[in-house]
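Undergrad: Take this structure first; my questions come after.
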Amino acid sequence: MAPHPRNRRGVSRRQVLKSGAAALSGSAALLAGATPDAQNARAPAVLTGAQTGRTFRGLVRHDTTLDVQELRLLPIDPRQVVIRSQAVAPCYTIVRGALGTSPIRRAEVPNHCGFGVVEAAGPMVKRVQVGDRIVVAGTSQCGQCYQCLQGRPDYCQFTFFSNAPGVEAFPPFAELRDGTRVYAQAGIGGLSEIMTVFEEYCVPIFSDVPAAELTLLGDQLASGFAAGHAEMHFQPGSDVVIFGAGPVGLGAIQAGRVTGAGQVIAIDPIKYRREFALKMGATLVLDPVAEGDGLVERVRELCRGPSDRRFAGGVSWGRAGNAVMARGADFVVEAAGLQAFPPKTEAQPDPTNVKTVQQAWDCARMGGHVMLMGLTLQPVSFPGASLALLGRTIHPGQQGGLHAMRDIPRYVKLIEKGALDAKSMITKRYTLADSRQAVQDTADRTIITGVIEFA
């Protein structure tokens, strides 16, 4: 057989194949005759060490404290990206761990989302380039694992630590002055001037929407909106009920407005949040404390429709036997969550959130849909017969079913068109120096969403 011809630059097919990982990240450059030095210059964080050792600041939970510390960047993985943070919104789910006073096992930068600009990328990174604006999502989307291939990237196995036994899913990314290694919570962190994350979490954004608004698409706003758009698919004219009018619940409320729901009922014990929900698209708000044990029946009455004539498409108004099960909302989102920290506002009627989860189930009609986005750490009981016979679908609330690479760019377009309101949801802004207070205000529930902006 004749030997494979060489190209004009004198690079043979065998040479390309022998280059291994370098060919994967830059075979086009090799075939064009680019020198190894030119290749190395494109990934300084890994190949030249230019990023390694750079200093930056971050909010660090270490030992018994939470404060801003100076950090030094460690070498990154070939599939990691160095991101200069521009804005981040602390999530309520981090407050118990971040503000705790018990000694922590390892130093950690809290949070699990963010927004910034790519400053360096490992040689195996394909999704993003230096200079890209990036939403760092709370859930990865690798596109290759079993879950992604089954159409459920909201359960991407990269997020759920499907690594080999004994191998750290996310190694430390920085160190303190004394050499203490610092980890990023969930492999992301976010409350620091620099993030290093695997490319599977990165969503490039080609828009000039402000960073403070875009960072809400990494978690809270995008998760709530996805509940009604990506997973349960709110229908025009449908009855939608949202438990909780925090940043996630408000995302679901906006989904109801954008999709044309017939009514969107928001339920929250905090007065200012009920008022805010009306501005975001709720058509009616309820106080669960004031409603007490009559809350479920109140919702059923509100959703009963204009007629009970079954042959005219009406819904039964009956309150006995099976008739009552036909009454209720088409879609229910439980986004209240447990009370992780004593609030400085009105408290939840059930801090464990168990009762709220049960009420969300009871508020749905036969054949209706319930998404459980809020968290409870206690067992929850449901009637066995109802589970088996009523046809209600329970949807898990992992980021609302968000497909990060598909949905986040869509939501950016909705923000650009004014259909999705991210700006109004930012009710307080902070600097990194005030970042601990941002976490505290989130815990106190005195704000809707706080955003830390980096200089």
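A short reminder: the numbers here are calculations on the coordinates, not readings from a lab. What you see is a predicted model, and the numbers here were worked out from it, not measured in a lab. As a convention, Cβ positions derive from the backbone with ideal geometry for all residues, glycine included, and neighbour counts pool all protein chains shown.
Undergrad: Please report how far the C-alpha centroid of the range 289-366 lies from that of the range 69-121, rounded to the nearest whole angstrom.
TA: 38 Å
Undergrad: Pull up the DSSP beta bridges for the chain and report the antiparallel fraction as a percent, rounded to 5.
TA: Details: 35 of 64 bridges.
If we restrict to bridges inside the chain, about 55 percent are antiparallel.
Undergrad: Rounded to the nearest 10 degrees, what's the angle between the helix 247-258 long axis and the longest principal axis of the chain, both from Cα atoms, 0 to 90?
TA: Approximately 70 degrees, to the nearest ten.
Undergrad: Right, another one. Work out, step by step, the length gained on full extension between Q157 and E301: first 0.36 nm times the residue separation, then minus their alpha carbon distance; give nm to one decimal. All intermediate terms of the calculation are to be shown ahead of the outcome.
TA: On the way: separation 144, 0.36 × 144 = 51.84 nm, distance 4.23 nm.
Length gained between Q157 and E301: 47.6 nm.
Undergrad: Given 0.36 nm per residue, what is the gain on full extension from K423 to Q129 after removing their alpha carbon distance, in nm? Numbers along the way, then the final one.
TA: Working: separation 294, 0.36 × 294 = 105.84 nm, distance 2.72 nm.
Length gained, K423 through Q129: 103.1 nm.
Undergrad: Rounded, prolate or oblate: pick one for the chain, where a ≥ b ≥ c are the square roots of the eigenvalues of its C-alpha gyration tensor, a/c under 1.5 means rounded, and failing that, prolate if a/b is larger than b/c, else oblate. Write down the numbers at each step before the final one.
TA: Numbers: a/c = 2.39, a/b = 1.70, b/c = 1.41.
Prolate is the answer for the chain, as a/c is 1.5 or above and a/b outweighs b/c.
Undergrad: Within the range 163-207, name every residue whose backbone N is under 18 Å away from a label modeled 7 Å from Cα of Q150 along the Cβ vector.
TA: 163
Undergrad: Something else now. What is the spin-label model distance, in nm, from S381 to T101 if the labels are put 7 Å beyond Cα along the C-beta direction?
TA: So the two model labels end up 3.7 nm from each other.
Undergrad: R72 label point, 7 Å along Cα→Cβ, cut-off 19 Å on backbone N: hits in the range 101-131?
TA: The answer is 107-109, whose backbone nitrogens lie closer than 19 Å to the label point.
Undergrad: Report, in deg cm²/dmol and to the nearest 500, the calculated mean residue ellipticity at 222 nm for the chain, where each DSSP H run with n ≥ 4 adds -39500 (n - 2.57) and the sum is divided by the residue count. Write out the running numbers ahead of the final one.
TA: Working: 16 runs with 120 residues, N = 455.
Helices in the chain give a 222 nm mean residue ellipticity of -7000 deg cm²/dmol.
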